[in-house]
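Asker: Below: one structure in structure tokens.
The values are calculated or read from the model by the stated rules, or taken from the named source; none is laboratory data. Computed from a predicted model, the values in this text were never measured in an experiment. In this analysis, Cβ positions are derived from the backbone assuming ideal geometry, glycine residues included, and neighbour counts consider all displayed protein chains.
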Amino acid sequence: MSSVIWWIRRDLRLSDNQALSAALEQADTVIPVFIIDPILMASPYASQQRVAFLFEGLRSLDIDLHKHRSGLIIQKGDPLEVLQSLFRETQAYRIFAEADTSPYARRRDEGVMHKLPLTLTPGVTVHSVEKLRKPDGTPYTVFTPFSRMWRSLPFPGKPLPAPEWLPPPPPLPNLGVPALPSYSNNGTFLAGENEAQCRLTKFTDFIINRYAEDRNRMDLEGTSGLSPYLRFGMLSARQAFWAAREADALAVDTPSHQSAQLWLNELIWREFYAAILYHFPYVRYTAFRPELRNLPWRDDPVGFSAWVEGRTGYPVVDAAMRQLNAIGWMHNRARMISASFLTKDLLIDWRQGERYFMQHLLDGDPAANNGGWQWTAGTGTDAAPYFRVFNPVLQGKKFDPLGAYVRRWVPELSGVPNAFIHMPVEIPADKQAHLGCVIGKDYPAPIVDHAMARQRVLAAYRKQGR
DNA sequence: TGAAATGTTGGGGCG
DNA sequence: ACGCCCCAACATTTC
């Protein structure tokens, strides 16, 4: 009777799990193990909210495993040491895990592979970030050609069904899922594979039909909301791909066709940034573009706190940050606006914003988050040109035209009429009290003048750039 | 996956 | 009828 270890990291699902399936083919007994890694828990990028979401996901996975007569073994410690002692206790002869190409995971897995037989399977991305290169062998650094190549590749295999049955693991020391009483995201994102599948179905049946029109609307539920699930593999990239593909096939010659293609593009952006971090790991520390490594970032703890706490005086920015703080997620349009405000209006180093987002996003992923911040700051691969400065008032009018997003997250503005919702500072002084919004008392005046800040940041970038 | 500044056009008011 | 001005509305250029 042979046994192997299924080492779970960011693949918290039973369906379409290539590591699990490979393990089942190779052995009579599969031991599902999650190792709580103190190094990851203590990282400056760690997030209470995300850890809680992870633990919820583990609880859900454990329940699903029990339905299959199995169960999750949770241990804590250095992954190599834990795996070595598991090897001794179980006579397992091999470990199966889903490959994770982020820098820490690669180092960790190389260390394990050096001492123990570890087989890595694909799954975090649809296509291998190592293999997807330009014809001359160098990595892509521009999105459009990357996406063209990505789309031209043969389709991945269809998602694997969840196994019917799993052999019960032997009795082992098991911490169980740690309790996290402080956790709350208002129930917005329930963790687990089942929830991920429900959301995927809801998205491909309904939301995707208006995705092209609504995906940038912060006041609507116009996006898939799947990012936290993709982050922890409660949904595989391949499952998402085939869902997009099937929605597309049903939608030929309808507006939904373009929608499915646009959503697929977002999945490709995710893989693009995974590839960038894989090929250029230094982007974690510094700008991808060397000429923009010495921008005169301002040291402004007061401004940073105002940004973090959502009291910049720009309603859309404040709504965005309060949404993040409340539910651990932010609309993508809001991410761009709030990142643009921090880097371009406050001229604060994008790395400070990157870290804060990592500390709060349920979907916080080093590759995608870094890519997004460097894109906005204009320092990254294929980034927004430096002169592309978002005007938070115009962005609000365009993508929250009724102000519903602002009113939802900035309740002190709930009495402000539409005409002023994105610029409450312009409410005539004698009307402010009547509307329940006295500027400087109920809601702050803008902490920085956008027109001035725009000139300031353009001058700073121009000086560095060419 | 911008926004502002600048340039052009054309309709309407008016002397 | 005509020229002139104003200024939306739209296009182009610039940052």
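Asker: Return yes when A:A419 is without any contact (Cβ under 8 Å) to a residue 12 or more places away in the chain and more than 16 Å from DNA strand C (Cβ to nearest atom) and no when it is not.
Answerer: When the stated conditions are applied, A:A419 passes them.
Asker: Further question on the same structure: Can A:Y405 be described as surrounded by fewer than 23 Cβ atoms within 10 Å (Cβ to Cβ), of a type in the set (S, T, Y) and either modelled with pLDDT of 95 or more or within 16 Å of DNA strand C (Cβ to nearest atom) (or both)?
Answerer: no
Asker: Let me ask something else. What number goes with the only condition from (1) closer than 23 Å to A:I36 by Cβ; (2) among the aromatic types (F, W, Y); (3) at pLDDT 95 or above that A:Y183 does not pass?
Answerer: In the conditions (1) closer than 23 Å to A:I36 by Cβ; (2) among the aromatic types (F, W, Y); (3) at pLDDT 95 or above, A:Y183 misses (3) alone.
Asker: Looking at region A:24-44 only, could you name the residues that are buried (at least 19 other Cβ atoms within 10 Å of the Cβ) and either of a type outside the set (V, I, T) or out of contact with any Gly (no Cβ under 9 Å at 6 or more places or on another chain) (or both)?
Answerer: A:L24, A:A27, A:T29, A:V30, A:I31, A:P32, A:V33, A:F34, listed by residue number.
Asker: Considering only region A:424-443, state which residues are touching a residue at least 12 places away in the same chain (Cβ under 8 Å) and surrounded by fewer than 18 Cβ atoms within 10 Å (Cβ to Cβ).
Answerer: A:V425, A:L435, A:G436, A:I439, A:D442
Asker: Quick one: is A:E412 more than 16 Å from DNA strand C (Cβ to nearest atom), modelled with pLDDT under 95 and under 17 Å from A:D318 (Cβ atoms)?
Answerer: In short, no.
Asker: In region A:274-329, what count of residues is obtained for those that are within 23 Å of A:M423 (Cβ to Cβ), basic (K, R) and more than 19 Å from the chain's Cα centre (by Cα)?
Answerer: Final tally of qualifying residues: 1.
Asker: Output the helices (runs of 4 or more DSSP H) that fall wholly within region A:390-466 and possess 1 or more residues being within 12 Å of DNA strand B (Cβ to nearest atom), or say none.
Answerer: It comes to A:392-399, A:450-464.
Asker: Taking the conditions exactly as written (aromatic (F, W, Y), assigned to a helix (DSSP H, G or I) and closer than 27 Å to A:S102 by Cβ), does A:W329 satisfy them or not?
Answerer: no
Asker: Let me ask another. Would region A:313-325 turn up any residue that is modelled with pLDDT of 95 or more and not in a helix (DSSP H, G or I)?
Answerer: Among the residues of region A:313-325, at least one is modelled with pLDDT of 95 or more and not in a helix (DSSP H, G or I), which makes the answer yes.
Asker: For a quick check of your reading: which helices (runs of 4 or more DSSP H) sit entirely within region A:1-117 and have at least 2 residues that are touching a Phe, Trp or Tyr at 6+ places or on another chain (Cβ under 6 Å) and over 30 Å from A:C198 (Cβ atoms)?
Answerer: Of the helices (runs of 4 or more DSSP H) lying wholly inside region A:1-117, none has at least 2 residues that are touching a Phe, Trp or Tyr at 6+ places or on another chain (Cβ under 6 Å) and over 30 Å from A:C198 (Cβ atoms).
Asker: Give region A:354-401 a look and list any residue that's within 16 Å of DNA strand C (Cβ to nearest atom), within 23 Å of A:A319 (Cα to Cα) and among the hydroxyl-bearing types (S, T, Y), or say none.
Answerer: A:T376
Asker: Within the set of pairs 6+ apart or on separate chains, which have a first residue in region A:323-341 that is assigned by TED's automatic domain parsing to the domain that holds A:D400, a second that is modelled with pLDDT under 95 and within 16 Å of DNA strand B (Cβ to nearest atom), and C-beta atoms under 8 Å apart?
Answerer: Taking only residues 6 or more apart or on different chains, not a single pair turns up.
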